[in-house]
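Comments concern the structure below.
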Amino acid sequence: QQQVRQSPQSLTVWEGETAILNCSYEDSTFNYFPWYQQFPGEGPALLISIRSVSDKKEDGRFTIFFNKREKKLSLHITDSQPGDSATYFCAAQPGTGSNRLTFGKGTKFSLIP
Amino acid sequence: EAAVTQSPRNKVTVTGGNVTLSCRQTNSHNYMYWYRQDTGHGLRLIHYSYGAGNLQIGDVPDGYKATRTTQEDFFLLLELASPSQTSLYFCASSDSGGRDAEQFFGPGTRLTVL
């Protein structure tokens, strides 16, 4: 059973456009949602995160929008740059008990050359 | 200087072989994790530990053993490797308490089982 779903599987946009990466989850105990960015040949690294008490988190050109009722969140990348080309993983952590993260399958993001 | 290192970076073995993947972190973190990454599956947790001598089972533990010898060192053992274990393996660490804690990943080990 896949608890964290991401879409699309891959996304390509023009430089300067806004990209939207989607994530949804099933477990209502999840209350912390980090997004990790992974470049080829490297390990993932934390990009931005949000807690379920918030509906928006912004960090430069990256913004998370969170809808608790629908159990959905999205990562918006504005003014997309070539250096943003990477795979993006949405993850989720429950509010109590284990601190382990459940990762989605990732969205491979690239810019049209 | 990299805070999470893994060795070897690449490994090729044969079916039935023994493999040990090593991870060392210099973050002074209590939590350490082993993941495997496969196309179409994302990152899946194999085992994790919250301190020396401790071991917790992850989501895909079958065929894997792990041992945490010190706060710094976490090992993943494949005693009878199978082709299904061909994958990219990542080690990560996070701070004590763990809740909302950032996980710091190593560079990965690519394992091929022939």
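The values are calculated or read from the model by the stated rules, or taken from the named source; none is laboratory data. Since the structure is predicted, the reported quantities are computational estimates derived from the model, not experimental observations. Glycine also receives a Cβ, built like all others from the backbone with ideal geometry; neighbour counts cover every protein chain displayed. Ligands, DNA and RNA are excluded from the accessible area calculation, which covers all protein heavy atoms including side chains. Shrake-Rupley method; radii C 1.70, N 1.55, O 1.52, S 1.80 Å.
Some points to look at:
- Among the residues of A:92-104, the average count of other protein chain beta-carbon atoms within 10 Å of the residue beta-carbon is 5.
- Listed residues A:Leu21, B:Thr39, A:Thr63: farthest to the positive end of the dipole of the protein assembly as shown (Cβ charges): B:Thr39
- The charge dipole of the protein assembly as shown, taken about its Cα centre with unit charges on the Cβ of Lys, Arg, Asp and Glu (plus for the first two, minus for the last two), comes to roughly 420 debye.
- Against the compact-protein benchmark of 2.2 N^0.38 Å, the Cα-based radius of gyration of chain A scales to 1.02.
- Here's how it looks for A:Lys72: its modeled amide H is under 5 Å from those of A:Asn67, which are all 5 or more places away or on a different chain.
- Counting only lysines at least 8 places from B:Lys65 when in the same chain, those with an alpha carbon closer than 22 Å to its own are B:Lys11.
- Among A:Leu111, A:Tyr36, A:Ala86 the positive-end extreme of the charge dipole of chain A (Cβ point charges): A:Tyr36
- When the accessible areas of B alone and A alone are added and the area of the pair subtracted, with a 1.4 Å probe, the result is around 1800 Å², both sides summed.
- Charge dipole (debye, nearest 20) of chain B; +1 at Cβ of Lys and Arg, -1 at Cβ of Asp and Glu: 280
- Length gained when the stretch A:Gln81-A:Lys108 is fully extended (0.36 nm per residue, less Cα-Cα span): 8.3 nm
- Segments A:49-56, B:19-26, B:103-110 sorted - mean Cβ within 10 Å per residue, highest first: B:103-110, B:19-26, A:49-56
- Proximal lysines to A:Lys56, defined as alpha-carbon separation beneath 18 angstrom and excluding residues fewer than eight positions away on the same chain: A:Lys68, A:Lys71, A:Lys72
- Highest-fluctuation residue, A:Glu17, A:Glu42, A:Glu26 considered, GNM on chain A with Cα pairs under 10 Å: A:Glu42
- Whole-number percent relative contact order across chain B, with pairs defined as alpha carbons under 8 Å at least 6 apart: 35
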